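The values are calculated or read from the model by the stated rules, or taken from the named source; none is laboratory data. From a predicted model like this one, the values you see are computed outputs, not experimental measurements. Glycine also receives a Cβ, built like all others from the backbone with ideal geometry; neighbour counts cover every protein chain displayed. Note: areas computed on protein heavy atoms with side chains; ligands, DNA, RNA excluded. Shrake-Rupley method; radii C 1.70, N 1.55, O 1.52, S 1.80 Å.
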Amino acid sequence: MEFQRPAGPQMDERVPVGNSVHPVQALCENHYAESERMRMGKMQELYGLALPLRRQAMEDLLASHRRLAPLESNFVALDVFRGDHADISWEDYLCNPENDERTRRPTHDLMEEQVFGRVQRPLHTKDII
């Protein structure tokens with residue numbers, strides 16, 4: 001009886017890995033999007049197409065509201081709507097480094113950048129004359 005070797009790369013052959021990520025890392029990064037897609041699919045099977053579309057429109061509306069420039073948006077209403085408001089992440093008790101007041105840019109610069117798309121510097125008096 002003669003055995004055949006399976007097709008594909010063998011142990012002695014080198015396969016270029018490149019910039020591939022670990023399979024567990026890919027699962028972790030795509031977990032929320034995949035679970036959301038499955039939840040919407042279940043809703044569509046149970047209640048029809050209208051409910052998932054309505055929920056998506058409501059989530060888009062709640063995600064579009066922003067606070068003023070120096071304050072980070074927490075999207076509390078969106079978290080309550082999704083049911084994520086009871087989840088505690090590390091930012092909730094260890095302080096998010098983006099909120100450090102020592103590294104924050106001036107409020108007026110952030111507001112001008114949000115409104116005008118760039119920071120406008122005041123004109124000097126010699127420029128006006």
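Listed values, structure above:
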quantity: Output for segment 64-75, where each listed residue is over 15 Å from the mean Cα position of the chain (by Cα) and either at pLDDT below 75 or not in a loop (DSSP other than H, G, I, E, B) (or both); calculated: L68, A69, P70, L71
quantity: Segment 5-52, residues that are part of a loop (DSSP other than H, G, I, E, B), modelled with pLDDT of 55 or more, open to solvent by 80 Å² or more (accessible area, probe 1.4 Å) and not aliphatic (A, V, I, L, M); calculated: N19, H22
quantity: Cross-chain or 6+ apart pairs with Cβ under 6 Å, segment 51-72 first and over 30 Å from R105 (Cα atoms), then part of a helix (DSSP H, G or I); calculated: L51/M43; P52/M40; P52/M43; P52/Q44
quantity: Failed criterion for H108 (all others in (1) open to solvent by 80 Å² or more (accessible area, probe 1.4 Å); (2) over 23 Å from the mean Cα position of the chain (by Cα); (3) at pLDDT 80 or above hold); calculated: (3)
